[in-house]
1. Calculate how steeply helix 7-16 sits against the longest principal axis of the alpha-carbon atoms of the chain, using the helix alpha-carbon long axis, and give the answer as 0 to 90 degrees to the nearest 10.
2. Can you tell me the dipole magnitude for the chain around its Cα centre, using point charges on the Cβ only (Lys, Arg +1; Asp, Glu -1), in Debye to the nearest 20?
3. What relative contact order, as a whole-number percentage, does the chain give when Cα pairs under 8 Å and 6 or more residues apart are counted?
4. If Rh is defined by the Kirkwood formula over all Cα pairs and Rg also comes from Cα, what ratio Rg/Rh do you get for the chain?
5. In Å², what does the accessible area per residue of the chain work out to with a 1.4 Å probe?
6. Percent of accessible area on the chain owned by carbon and sulfur, 1.4 Å probe?
7. Around Cys65, what is the net charge, scoring Lys/Arg as +1 and Asp/Glu as -1 over all other residues with Cβ under 13 Å from its Cβ?
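The values are calculated or read from the model by the stated rules, or taken from the named source; none is laboratory data. Just so it is clear, the structure is predicted and the values come from calculations on it, not from any experiment. Don't worry about glycine lacking a Cβ; one is built from the backbone with ideal geometry, like all the others, and counts go over all protein chains shown. Side chains are part of the model used for accessible areas, which takes the heavy atoms of the whole protein and leaves out ligands, DNA and RNA. Shrake-Rupley method; radii C 1.70, N 1.55, O 1.52, S 1.80 Å.
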Amino acid sequence: MEPMKDTVKVEKLFASGRVSLVDPETKYRYTLMAYCPRDNGRAYISRYERWGSRLSRVVFSCSECLNTFEAEPQDLWIV
């Protein structure tokens, strides 16, 4: 699946404290993804933190250059 910008799903994930969301109709599991600031490669979640029931911090690791970085919700993609 190609990454898509979906601020509604990203906010749902942050509000629920989860890093993935299952579509009840298709059963597809959506997860967060970001693009690496170093080489623009796809980066996937390496760790996350919660504050109460919300996600407070998500750290990604680039699958190409292995750079780890934190990304803001507006910079996240759904895949």
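1. Result, in degrees: 70.
2. Working: 12 positive and 11 negative charges, 63 e Å.
Once rounded to the nearest 20, the dipole reads 300 debye.
3. Numbers: 148 pairs, mean separation 27.8, N = 79.
35 percent.
4. Using Cα coordinates only, the ratio equals 0.96.
5. Per residue, the chain has 64 Å² of solvent-accessible surface.
6. Roughly 50 percent, rounded to a whole number.
7. 0
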